[in-house]
Every structure is written in structure tokens, then in C-alpha cells.
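Beneath this line is the structure, given in C-alpha cells, with notes to follow.
Nothing in this text is a laboratory measurement; each read-out follows from the coordinates by a stated rule. Computed from a prediction, not measured in an experiment: that's the story for all the values here. Here Cβ is always computed from backbone atoms with ideal geometry, including for glycine, and neighbour counts include all displayed protein chains.
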Amino acid sequence: MAKKFFNLIILDKSGSMMSIRDAAIAGVNETIGTIRRVKRETGCEQEVSILPFCGCSTDYMLENAEVDSAPVITTANYQPCCSTPLLDAIGKGCTRLKKHIGDTKDYAVSVTIITDGYENASTEWTYKSIKALIESLKAEGWLFAFIGANIDVEKISKEMAIDNAMAFSASVEGTKEMFDKECSSRMRWSRRMASAPGCAKADEINKDYFEEC
């Protein structure tokens, strides 16, 4: 049986994202398209979860949806506003996905976190608790990629124990370039994971996710 992929995208929806809203929507749709191409090419089942977050709401746009049934993202379901509860969104997304995966045997997990600002509104999770969570999930073969603008990306990613990080410019052009790089990285990583036995080589494959970007 082919490996099953779980793709989680945790997307900043705070007010500052309004200036790049349309580019972010286009980029997420491009990412969903890339995941569909992975399914066609590898035959691996693909589930997608998209979790936008802001101080007003951290509700799923999609949760554990089969990629071929994923709708086109529009301004109707992505309207940036208020603050940035980054840590709470990561904690919620990862713990719910972990529960959903359950006792699935042959699988791969990709968690992509995109933000254009610093954490400023979480009430349930801290950097310390998120780091512990991510370290435990990395030990199970999960891939984490952190993408940020207007922040010290290297410092923040290390605080969360995330090895793969990329900075981008919070402009329309910079956002498009970022998603192009993320999609090419995702495609390369997915091809390698699809042919890996179980989670045996996940540590090796998960290294240098953005290496060729």
C-alpha cells in the first residue's frame, strides 16, 4: 500500500497580512495544486489541512481533506485581521493532527508555518512547550518548515526546534517567490519520502528542506 501523506499548512491571518492577502491566497492554491501533482505522480494518498490564525479566530479552512476534494481558496474564507497567536495555532494544529493520524503505519507528515510577524497573542502555548512538542514529533519523522517575514526567522525557528527555515519579503512579489520556492521544495521532498520505506529515512530526508532554494 502506498504511503499516506498528511499536509498541514498553518497560515498567519493577522491584520498585517492584508497587504499580501491576494498573493497569499494564490500561493496556498498553488501549494494545493502541488500536492495534487504529488498524488498523481506517486500514487500516494494526500490529506490537506489549512489552519489560518489571528486573534479573532483560529478555525480550520480545511481539516484532513482529501486533496482532490479541496476547494479553491478565496477572499471569502481568508480575511486578515487582528493579532498573531502563532504558538497557539501550532499547538492546536499539531496536536489535532497527531490524534487524527492515530495508529497509521506508513505515513509522512509535512507541517508548514507561514507568518509575517512575531507571536503576540497566544494564551495556551509557550515557546518552551511548542519546542517540546515539535521535538517529540520530529522524533516520529514529522517535517517542519518555518517561513517568516519581518522577523528574525533563524532565531524564532531555533526557539521552536525547527531546522528548516526561510525568510521572505512581505510584498506581492516576495510572497509569490516564497510560495514558488516552497512548492519546489515540497515536490522534491515528497518524491523522496514516497519511495522511502516507512519512516525509516525521514530524519535524513527532512534535512535541508530548502537546500536548493
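Please compute the contact order of the chain in relative form: average sequence separation of alpha-carbon pairs under 8 Å and at least six residues apart, divided by the residue count, as a percent.
Dividing the mean separation by the residue count of the chain yields 24 percent.
Add -39500 (n - 2.57) for each DSSP H run of 4 or more in the chain, then divide by its residues: what number comes out at 222 nm, to the nearest 500 deg cm²/dmol?
-13000 deg cm²/dmol
Let me understand the stretch 4-69 better: what is its radius of gyration from the alpha carbons, and its Dmax, in angstrom?
12.9, 39
What order do you get for 40, 192 when you list them from fewest to most C-beta neighbours inside 10 Å? Can you show the working numbers first?
Details: 40 10, 192 15.
Going from least to most buried by this count: 40, 192.
Computed from the mean reciprocal separation of all distinct C-alpha pairs, what Kirkwood hydrodynamic radius does the stretch 102-143 have, in Å?
Value: 12.4 Å, from the Cα pair sum.
Connecting C-alpha atoms closer than 10 Å in a GNM of the chain, tell me which of 164, 64, 120 has the biggest fluctuation.
120
Using the Cα centre as the reference, give the magnitude of the dipole from point charges on the C-beta atoms of the chain (Lys, Arg: +1; Asp, Glu: -1; all else neutral), rounded to the nearest 20 debye.
In debye, rounded to 20, the chain gives about 460.
Within a 10 angstrom radius of the beta carbon, how do 38, 109 rank from fewest other beta carbons to most?
Least to most surrounded, the residues fall as 38, 109.
Given a Förster radius of 41 Å and the C-beta distance between residue 211 and residue 95 as r, what FRET efficiency does 1/(1 + (r/R0)^6) yield to the nearest 0.05?
The formula returns an efficiency of 0.90 here.
Work out the FRET efficiency for residue 169 and residue 104 from their Cβ-Cβ distance, taking R0 = 41 Å, and round it to the nearest 0.05.
According to the calculation, E is roughly 0.65.
Which of 209, 127, 107 comes first, and how do the rest follow, when ranked by fewest Cβ neighbours within 10 Å?
Lowest count first: 127, 107, 209.
What would the Debye equation give as log₁₀ I(q)/I(0) for the stretch 58-120 at q = 0.15 Å⁻¹, counting only Cα atoms as equal point scatterers?
-0.62
Output the direction-averaged projected area (hull surface divided by four) of the convex hull of the alpha-carbon atoms of the stretch 4-206, in nm².
Convex hull of Cα atoms, orientation-averaged projection: 9.9 nm².
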